[in-house]
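The values are calculated or read from the model by the stated rules, or taken from the named source; none is laboratory data. Remember, it's a predicted structure, so these values are computed and weren't measured experimentally. Cβ sites come from the backbone with ideal geometry, for glycine too, and all protein chains shown count toward neighbours.
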Amino acid sequence: MQSPVQISYHHVSPSAALATVIRMKTAELESFYGRITGCHVTIERPGEHHRKGKGAHYRVRIELTVPGQLLVVGRDAIWTRAHEDAFLAVNEAFHAMRRQLQDYVRRMRGDVKTHKGPPRGRVLRVFRKEGYGFLQSTDGRELYFNGASVLNDAFDRLKPGDEVRFAEEQGEKGPQASTVERLGCKGHHATEPNATRG
């Protein structure tokens, strides 16, 4: 790797043991794919007003720089699952990053067929009150989208599992979906009972 692993702590005391695990996990990623150029890991423990239940909860964000792309795990604190155990949070985040890296390598090797036309995906989560959601592209990445970017005023009708077509653009926090279009949901209606339960 061109630069050493960067580790940041937000509302968390630096931990030598945790740093050792992070460096070991990063080395495992690098042994799988030797062209990683940078890795930045952030360990966060949200403030009291973000906590649910008792005990400290940890969130982990990983930014992995590879040729032509930035792979990110834990893009949004609301979406990222929190753990009471910092080591468990780190392990889960690196497991998710390894999957992203494997997908990236397959795309680079041409194992994943490219589709003509706008990319497609499926809705993963919708936060109606907050006005945004997440979708999963056909190559396995999770992308943020703003409710205002959903065509035909269809944001309020979106539910997990719906197929969408979208454009990808670079947002402030990395790639995100825009111009999201809900595709042929025959037989589904906005008034369908329990439509948003997944």
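Can you pull out the strands (runs of 3 or more DSSP E) entirely within segment 86-198 that have at least 1 residues that are at pLDDT 90 or above, small (Gly, Ala, Ser) and surrounded by fewer than 15 Cβ atoms within 10 Å (Cβ to Cβ)?
Details: elements: 120-127, 132-137, 142-146, 163-171, 174-182.
By residue number, no strands (runs of 3 or more DSSP E) qualify.
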Looking at (1) modelled with pLDDT of 90 or more; (2) crowded, with 17+ Cβ neighbours inside 10 Å; (3) in a strand (DSSP E or B), which one does ARG59 not meet, given that it meets all the others? (1)
Taking segment 124-146 only, how many residues are closer than 26 Å to VAL105 by Cα and not aromatic (Phe, Trp, Tyr)? 10
Here are some conditions: (1) in contact with a helix residue (DSSP H, G or I) (Cβ under 6 Å, 6 or more places away or on another chain); (2) surrounded by fewer than 18 Cβ atoms within 10 Å (Cβ to Cβ); (3) at pLDDT below 80. TYR33 meets all but one. Which one does it not meet? (3)
